[in-house]
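Each value in this text was obtained by applying a stated rule to the coordinates, not by laboratory testing. From a predicted model like this one, the values you see are computed outputs, not experimental measurements. Cβ coordinates were reconstructed from backbone atoms using ideal geometry, including for glycine residues, and neighbour counts include every protein chain displayed.
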Amino acid sequence: MSAVVGIIMGSKSDLNIMNDAAEIMKAFDVEFEMTVVSAHRTPERMFEYAKQAADRGIKVIIAGAGGAAHLPGMVASITTLPVIGVPVKSSNSIDGWDSILSILQMPNGIPVATVALNAAKNAGLLAVQILATANHELTKKMQAYKDDLRLKVEESAATMDQ
Ligand code: RP5
C-alpha cells in the first residue's frame, strides 16, 4: 500500500521529535512516508512535494519545523490536504515561541492545525482521527486507544483513593 500520511520536517535535526508521529502511524498500522523538506533551503522541493502529495495518495500532511517555521503554512498554501503543524523547539530558539507563533498565526483562508510545542505524538493522533472519519477499522482502534487512556487514569486513581 502507498503512504496516506506524509510526515515532513524542515531539517534532519527535527527527526527525534517527528519520530513520535511515525511511532503513532506504526501503532495504528497507517502507511506513512517521512522526509526532509525545507521551506527556506529547498523551496522548489517543498513546492513539488505539496503540489504532488494528493495525487500520490497522501490524505494528511504532518509538517514539523523550528525557528522561522514556515514549512507547514507554505505547504498548506499549496495543497488542499489538511496540514498539521508541529512547532519544534530548535536549539537556538527563544523557548520555542518563534516556532509556535510562526506556525499558529496563519492568515484567514489557509488553516494549519497547530499542536503544542514538540507534540508530534498528538499530530500523529490527529492525523489518525482525520483518516478514521472514513475508516471504520481506524475508528475502532482510536476508541480502543482512548479507552486505554481512561482505564490507566482510573487505575491510578484507584491506587490513590482512600
Ligand atoms: C528549521 O531550522 C528546522 O526545522 C529546524 O528546526 C531548525 C534548525 O535546522 P538545522 O540548522 O538544524 O538544520 O528550518
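Below 20 Å, Cα to Cα, which aspartates and glutamates can LYS26 reach? Residues fewer than 8 away in the same chain don't count.
Correct list for LYS26: ASP14, GLU137, ASP147, ASP148.
If you take the C-alpha gyration tensor of segment 5-135, multiply each eigenvalue by 5 and take the square root, what semi-axes do you get, largest first, in whole Å?
20, 16, 14
Would you mind computing, in nm to one decimal, how far apart the modelled labels at ASN19 and ASN92 are, each placed 7 Å from Cα along Cα→Cβ?
Computed distance between label sites ASN19 and ASN92 equals 2.5 nm.
Below 8 Å, C-alpha to C-alpha, sequence gap of six or more: please give me the relative contact order for the chain in percent.
22 percent
Give me the angle, in degrees from 0 to 90, between the Cα long axis of helix 15-27 and the longest principal axis of the Cα atoms of the chain, rounded to the nearest 10.
Helix 15-27 sits roughly 50 degrees off the main axis of the chain.
Cut-off under 17 Å on the C-alpha distance; same-chain residues fewer than 8 positions from LYS141 excluded. Which aspartates and glutamates are left, in chain and number order?
Cross-link targets: GLU23, ASP29, GLU31.
Using the alpha-carbon centroid of each, what span in Å lies between segment 1-52 and segment 103-162?
Going from one Cα centre to the other spans 19 Å.
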